[in-house]
Amino acid sequence: MDTCYVIGIAGGTAGGKSTFCEQLAKLLECQGLNTAEIHLDDYFKPVDERPVSEAPVSGKEYIDDKMDLKKVYSDIRSYIDSGQCDVIIVEGLLTLWEKNIYEILDLKLYVDCPADERIIRRLKRNMSWGRTFEEISEVYLDLVRYRHNEYVEPTKWKADIIINGTASADKAAVRIGHIVQGELAGGEKIDSNSHLR
């Protein structure tokens, strides 16, 4: 294992990934661990570098939300090589999908939340950014839900632990904190396919 412990958090749009990441980071900092956060949403490519995608049913074209995953991997390696972090938390839709990122993770988490709850959260969030109900729902129904089924949902089964995204993340964060502390202290690796409910 690298001297820096790397945690990956994946899950569907508006499923609670960022919230859980922030709670876990605060908890690990309180435990005396120097923690860095990497959010894949910070790595979207400029609009003029994004491809156009066609919705599978309607055929309507959308500018794709393309991420620079090579840069994400490079930044993770830079954090590790600097030796300045005890823990790195990588959070985003494709954290467990991209092969190079996946292989560098010491602990793989998936925040699982039902689609109906996620779309309501997404509507509230994106409308607070000034987008309309029609804009948000059209993109979700036309493209986002299909991308979720293709790229995000299958990675659930690559996670070491699945976290209940509909419940408070406090208890799960505490349990993950104990796991991280134990593994950094040289304890045994956790079993795969665990669930935190």
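General observations
- Think of it as helices only: each DSSP H run of n ≥ 4 in the chain is worth -39500 (n - 2.57), and spread over all residues that comes to -11000 deg cm²/dmol at 222 nm.
- Equivalent-ellipsoid semi-axes for the chain (Cα gyration tensor, √(5λ), whole Å, largest first): 30, 19, 15.
- Beyond 31 Å in Cα-Cα separation lie the following of the pairs Lys60/Lys108; Lys45/Lys108; Lys26/Lys71; Lys66/Lys108: Lys60/Lys108.
- Annotation: amide H of Glu37 within the under-5 Å range of Ile89, sequence separation 5 or more or interchain, hydrogens built in the peptide plane.
- Counted charge near Asp75, where neighbours are those whose Cβ lies closer than 12 Å (Asp, Glu -1; Lys, Arg +1): -1
- Here the average projected area of the convex hull drawn through the C-alpha atoms of the stretch 49-136 stands at 8.3 nm².
- HN-Hα J in Hz across the stretch 53-70 - Karplus 6.51, -1.76, 1.60, θ = phi - 60°, x for Gly and Pro: 10, 9, 4, x, 9, 6, x, 5, 9, 10, 6, 6, 8, 7, 9, 8, 6, 5
- Translational D in µm²/s for the stretch 1-90 (Stokes-Einstein at 20 °C, 1.002 mPa s, Kirkwood Rh from C-alpha pairs): 143 µm²/s
- For the stretch 21-38, backbone phi angles converted through the Karplus equation (6.51, -1.76, 1.60; θ = phi - 60°) give residue-by-residue couplings of 4, 5, 5, 5, 4, 4, 5, 5, 4, 5, 7, x, 9, 6, 10, 10, 10, 10 Hz, Gly and Pro being listed as x.
- Taking the centroid of alpha carbons for each part, the stretch 1-76 and the stretch 121-153 are 17 Å apart.
- Cα-based helix-to-principal-axis angle, 115-128 vs the chain, degrees rounded to 10: 80 degrees
- On Cα atoms only, tilt of 170-184 relative to the major axis of the chain in degrees: 50 degrees
- Val111 long-range amide H proximity, modeled H, under 5 Å: Ala10, Gly11, Ile163
Laboratory data are not the source of any read-out in this text; all were calculated from the coordinates shown. Quantities reported herein were computed from a predicted structural model and do not represent experimental measurements. Neighbour counts are summed over all protein chains in view; Cβ atoms, including those assigned to glycine, are modelled from backbone coordinates with ideal geometry.
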